[in-house]
Amino acid sequence: MNRLKRKLDILEGKEDDIHEELKYAESLSMKRRKKEVESWLRSVGRIKIKVQQTEQAVQERRGKWLPSIQLHRNLDRLMAEVVELHEQGGFPRGLTHEAQESGGVSFPTTTLVGQMFLENKNTVLECLRSNNNVSIIGIYGMGGVGKTALLTHINNELILNCPDTAVSWVTVSQKFTIHKLQDDIANELCFSFSYERDEKKRAAELSNFLGTKKDLVLILDDVWEDIPLNEVGIRVGANGCKLIITTRYLDVCRRIDCQKEIRVSPLSEKESWELFLERLGVDMKLTPEIEETAKFLVKECAGLPLGIITMARSMKGADDIFEWRNALENMKESKLGHDDMESKVFQVLKYSYDMLKDPKVQQCFLDCSLFPEDFPIEREDLIELFIDERLIDGMKSRQAEFYRGHTILNKLVNACLLENLEMYGRKYVKMHDLVRDMALQITSTSPRFLVEAGVDLKEIPVEEEWAEDLVKVSLMDNGISRIRPTVSPRCPSISTLVLMSNRLTSIPDCFFWNMTRLSILDLSYTDIEKLPNSVLDLVNLSALLLKRCESLKYVPSLANLKALRRLDLGYTGITEVPQGLEMLDNLRYLSLFATSLLICPGILVNLFRLQHLLLDWDSSTKVKGEELANLTRLETLKAQLYDVNDLNTYVSSLEERELLSYTLQVGFSNNLSWRINNYNKTVVLINSDISKITSEKYPLLLPQGIQFLYIESCHLVKSLSEAFSLENIANLRSCHIVLCDGIETLLSVSSSCSFPILQSLEELRLQELQDFTGLISGERDVSSLPPTGTFSSLKAIVINGCPIMKNLFTPALLLLFPNLERMRVFSCERMTEIIAATTDESEEEGSTSGGTAELTLPKLKSLGLSFLPELESFCSSNKTLVADFLQEISIDNCSKLKKFSLLDNEPCHLPSLQKIMVREEWWESLEWEHPNAKNVLQTLCRFQK
C-alpha cells in the first residue's frame, strides 16, 4: 500500500504540472485543451478515488491473522494503472491546440413587426455598448409574445455589426441544474473543466475563464427560475461578460439583479393585422367578406404573435367564408379549435399556469376567468372573492389577508398571466384574451366552470348546460331579466354563483333547491325586489352580496345563515335591518350603507368577529359608541355616531389598537362624499357644540392617524388647539373649518408646546368664520411662533368669508410655509394686506432673516385674490418679495389695490409667470414703481385681459 501511494504521489505531481500549463495556455484566449488531455485528467481523478477507498480497506484489515487475497489483487491492479497513467501523461504533441472561436451563430429570422419591438431592440443594443454600465438585461413577457424572436434579431445584429463581440446562446432547460448549465455554457464557449463533479471548483474555473472574455455577450433564453450566477460561475460586469436573459417572470429578472428590465408587450391591432397578412402569404387573396371575418379573428388573438402566426398558418389556402366563420366562432367560444392552436398556443400558455405550482394560486388565477373578456377587474374586488372562497384563509387580520391577496396578484402579473391597469386612481388587473381562453379550457374539465359573462345573454343557459360537477358559474354582465319558474339546475357541487349586473327582478324559489353546497351568491347590481325563501335555506352560504340592488326593499330573517361571513346590503332600498342579523356571529364583513336605515341598539353587540363595518351617514343611520367599542376586531369602519360624547367613548376604546381605515361622523351633510373619499382616516363634525365639552375640561378626542378633519356649523372655543386633544394629529393632511362661531385663531401660541407640530398638513380651508382674526394668536416675532416645521408640508391655503381678518401673514410667520403652492383669499371685507409689515422692520430684518432684505414664497405657483374691498397691497413690508415659481395670478374685485408688490419687482423675480387674470379697469389703474414693468409683463406673459 505504501509503495502504491508513493507512485500515486508522482502521478499527482504530473497532474498539477499539467493543470498549471493548461491554465496559462487557456488564459491567452487562443488555446483550448485537447480531448485526450481532458480524458487523461478524468482518469487520474478516478484512480485517486480508488486508491483512497483501497487504503481504507487495508486499514480495516490491520491486525487480522488472515490477509485478504482480494486486497492483494486490487493493489497489484492499481499499481499497474498508476504506472500506465504516468507513462501516458507525457503528451509529446502538446496539451492544447488552437481554439477556433467564432463570434457566434447567426439564426434565421423574420421581419420584426411593431414599433415597440424596434424600440426594445434598440434599447438592448444601447445597453450592450461598451461604455454602458448595464451588464445584466432581463427581457420578460407572456408566453408567445416574441421574446425569443426579439433576441434572435439582437443576436444577428451583434454578429453582423460588432465583429469584436462574441455572442454565445444557451437555451436553459425548464428543469435546469447548475451542473448541466455549466456544461451547456462550457460547450458553447469551447471550454473544458478540469474537475468533473465538484460544482464549486467548476464555477471558479468558468468564472476565471469568463474573466478573460471582456467582449462576450452571453444569452440565456427561456429562464424559468432564479439562476444563482455565482454558483454557476457566470461572471458579469467590467471583469466579465454581459448577460441577457429571457423569461416569463418579472420576479426572475429581479432575483438575478437585472439592471435593465424590458417587457415585451402584445402588438397593436394594426401591427397584428400586418403580421397576419405577412404570414398568410402574398399569394392569398382575401375577398371583402373574408377580410372582415379575418380581422375579427386576428382581434381575438389580442396581439399575441404566436397566436397570430399559428392562426395564419392554419388558415392558409382557406377560401371558403364558412371555414373562416367557423374558426371565428371557435375562438369566441374559447374553443381553440385548430390542432395547431391547441398544441402551439394553448400548451405554451398553460405551462406558465403549471409553473405556478401552488394549487391555491392556480385557483386564484382561474377565478379571473369568471369576469368578461377585456374586463378591468378591481384588485380589491378580486381579493374579496379570494377571501370569500377561502383561498386566502387562516390570517390573523383582514389586512394580512389583503397583503396575501396582493402578493398573489403580483405573482400572476409577474408571470405575465395578468396585466396591471390603473384608472381614476384605482388599481385593476386584466386578462389577455388568449390567456383567458386558456383558463376557460382548463375549467372546461376540472375544476369545471360554466362562464357566460358579458355575452349579452337574455336568459340563463338551458338546464343541460348545468352539469352536476359544476363548481363555479358566472353569468355576470348580461341582459338576463327573468328565470323561468320551473328551472332548478341539479348542481350539488356548485360553490360560487355570480349573477351580478343583470336585469333580474325575481328568482323562482326552486332555483336554489339543488345547490345545497352554495357558498357564494352574488346578485349585486340587479333589479331584484325580493330574495327567494330558498336562499335562506342555504346553510353553507358564506357570502351574500346584494350591493346596488336598489329595488330591494325587504330582506327576510337571516337567522338560518349561521355560516355567513360576508353580507353586503350597501346601496339597497331596505329601511330596516334584516331580522336575525344579531345571530350571525361569524360575520367578518357587513355593509349596511343604505339610506334611511334605522339601526336599533343592541344589534351589533354580538357581531364580535366583525373586521369591516360600513354604515350610511344619513341622518337616521346612527350607532352608539358603546356598541362600537365592543367590536374589538374592527379594522375598517364608516359610521355616524349620535353625538360627540359617543365619539369620545369610542375613541377612548381604541387606546391599545388602531383602525386601518375609518370615517367617524357626528352630524350629517349632503356635500361631503367627494371630500371624504380622498382620505382613509377621517373625522367629520357637524352641528355640534364642542365648546360645551371643553368647558367641562373633557377635550374632544381624535383617533390615531387622522388624515382629514372636517368641522362644519359647530360652536368652537377660541382656537383649534384648545378644542381638541391633539396628540394623534401628526399625520393630519387636510383640515376644513366651515361656518363655525367662536373660533378666533387656528392655533394658540400659549398651548403650542403641548401638541405635535402639524408637519403633515397639506391643505387648510377656513370658510365663513365670523370671529376669525388670524392663523396664530399672540404671534409677534419668531420667538412667539409654533415649533419649526408646523406648516412645513402645507401646499394649499384657502381663506373665504372671514370678515374681521385684516392680514394673513407677517414676515416672521411666512417662514413656516416653505412649500406653499396655492393661495386663495376671498370675501374678507376688512383684509388690507396679505403680508403685513411689523412695527419695527429693521429689528425684525436682523433677527429673522439674517440681514436679508427678501421675503420668499419659494414654491408658490398660483395666487387668487377676490372680493377684498379694503385690500391696499399684497405686501406692505419694505422687503423684496420673490416668487420664482409663480405661474398664475388672478385678481378680481379688489378696488383699492393700487400697488402690487409682486409685479413691481424686476421681471427676473417672476421667471415662471404664464397667466394674469384681472379686470381691465383695475389693470389700467395700477401704479407701477418699476418704469418698464408693465410693458415687460405685457410682452412676456402674452396674457388676455
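The values are calculated or read from the model by the stated rules, or taken from the named source; none is laboratory data. Computed from a prediction, not measured in an experiment: that's the story for all the values here. Glycine gets a Cβ as well: all are built from the backbone with ideal geometry, and neighbour counts include every protein chain shown. These area figures cover heavy atoms from the full protein model, side chains too; ligands, DNA and RNA do not enter into them. Shrake-Rupley method; radii C 1.70, N 1.55, O 1.52, S 1.80 Å.
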Provide the percentage of antiparallel DSSP beta bridges, counting only those with both residues in the chain; round to the nearest 5.
-> 10 percent
How would you rank 134-140, 884-890, highest first, on the average number of other Cβ atoms within 10 Å across their residues?
-> 134-140, 884-890
Built amide H within the under 5 Å cut-off of LEU558, gap 5+ | GLN579, GLY580, LEU581
Relative contact order %, the stretch 359-443, counting alpha carbon pairs below 8 Å whose residues are six or more apart | 39 percent
Per residue, what accessible area does the chain have, given a 1.4 Å probe and all protein chains present, in Å²?
-> 46 Å²
Here the relative contact order (percent) of the chain, from C-alpha pairs under 8 Å and at least 6 apart, is 4 percent
Peptides 622-631, 169-178 ordered by average Cβ neighbours within 10 Å, highest first = 622-631, 169-178
Percent accessible area from carbon and sulfur atoms, the stretch 542-642, protein chains only, probe 1.4 Å = 47 percent
Could you please state how large a percent of the accessible area of the stretch 359-443 is carbon and sulfur, counting protein chains only and using a 1.4 Å probe?
-> 49 percent
In the chain, which whole DSSP H runs stretch at least 20 Å along their own axis (Cα) and average -1.0 or higher on the Kyte-Doolittle scale?
-> 35-61, 69-88, 147-161, 398-414
Could you work out the helix-only [θ] at 222 nm for the chain, with each DSSP H run of four or more residues adding -39,500 (n - 2.57) and the total divided by the number of residues, to the nearest 500 deg cm²/dmol?
-> -9500 deg cm²/dmol
Quick one: net charge of LYS147's neighbours, Cβ under 13 Å, K/R +1, D/E -1?
-> 0
Whole-percent carbon and sulfur contribution to the accessible surface of the stretch 115-263 (1.4 Å, no ligands, DNA or RNA) stands at 45 percent
